[in-house]
Amino acid sequence: MTKVVCPGSFDPVTNGHLDIIERSSHLFDEVVVAVLVNENKAGLFSIEERIEMLGEATSSLPNITVDSFQGLLVDFCRDRGIAAIVKGLRAVSDFDYELQMAQMNDRLSGVDTLFIPTSPAYSYLASSLVKEVAKGGGDVTGLVPNHVLARLNERFGR
Ligand code: PNS
């Protein structure tokens, strides 16, 4: 049984995240999607809302669970018997920081990080951009699931 984690802020989940989560679910026995609880950064959506949106978006995939974590990712991995961290790489610009984190996590606990290249259709996509565009009244249809789109419209008063 190979259990992996797809960690992130997911504020909110995008179709780019879901591309990586879904492809991971085909490669590994169990995928835990873990939402970081960051006390220093208030998000647009609460942790509970992010978990709800992820749960709805992944409900058709039987080997996915959604959870949250505080503190170090390596501790979450140890406590849950998680063998590896899976991350999406959108572009070379992601690589520097992702490699740094992967090597630090390896040093801390020996946990491996596996990178999956993001589908080209989503290579420019980020939650921060989705929020900025949606806030400004731009159309983010097709970049997030429809139920997330509805929540964004609601949050921004449309
Ligand atoms: O979606 P994000 O914000 O890019 O995700 C970043 C995340 C949550 C994967 C990363 O910040 C993380 O793992 N944070 C947990 C704290 C931690 O373990 N820090 C040490 C990293 S080497």
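Quick one: angle between helix 146-155 and the longest Cα principal axis of the chain, in degrees between 0 and 90, rounded to 10, please. Compared with the principal axis, the helix lies near 60 degrees.
Largest to smallest in accessible area, the residues Met53, Met1, Met104 fall in the order Met1, Met104, Met53 (1.4 Å probe, all protein chains included). In straight-distance terms, cross-link reach from Lys3 covers every one of the lysines whose alpha-carbon lies under 20 Å from its own, apart from those fewer than eight places away in the same chain; here that gives Lys87.
Surface exposure of the chain, expressed per residue as accessible area with a 1.4 Å probe, stands at 54 Å².
Of the GluC sites (Glu not before Pro) found in the stretch 12-112, those in coil by DSSP whose Cβ has at most 13 other Cβ atoms within 10 Å are Glu39.
Looking at the stretch 1-83, the trypsin sites (Lys or Arg not before Pro) that sit in a DSSP loop and have at most 11 other Cβ atoms within 10 Å of their own Cβ are Lys41. For labels at Glu39 and Val133 in the simple 7 Å Cα→Cβ model, what's the distance in nm? About 3.5 nm, to one decimal.
Once you order the gyration tensor axes a ≥ b ≥ c over the Cα atoms, which shape class does the stretch 1-89 get: rounded for a/c under 1.5, otherwise prolate or oblate by comparing a/b with b/c? Taking the square roots of the gyration eigenvalues as a ≥ b ≥ c, the stretch 1-89 is oblate.
In this view, the solvent-accessible surface of Thr2, computed with a 1.4 Å probe and all protein chains in place, comes to about 60 Å².
The values are calculated or read from the model by the stated rules, or taken from the named source; none is laboratory data. Just so we're clear, the structure is a prediction, and the values are computed from it rather than from any experiment. Note that each Cβ is placed from the backbone with ideal geometry, even for glycine, and that neighbours are counted across all protein chains shown. When the accessible area is computed, the model is the full protein with side chains, heavy atoms only, and any ligands, DNA or RNA have been set aside. Shrake-Rupley method; radii C 1.70, N 1.55, O 1.52, S 1.80 Å.
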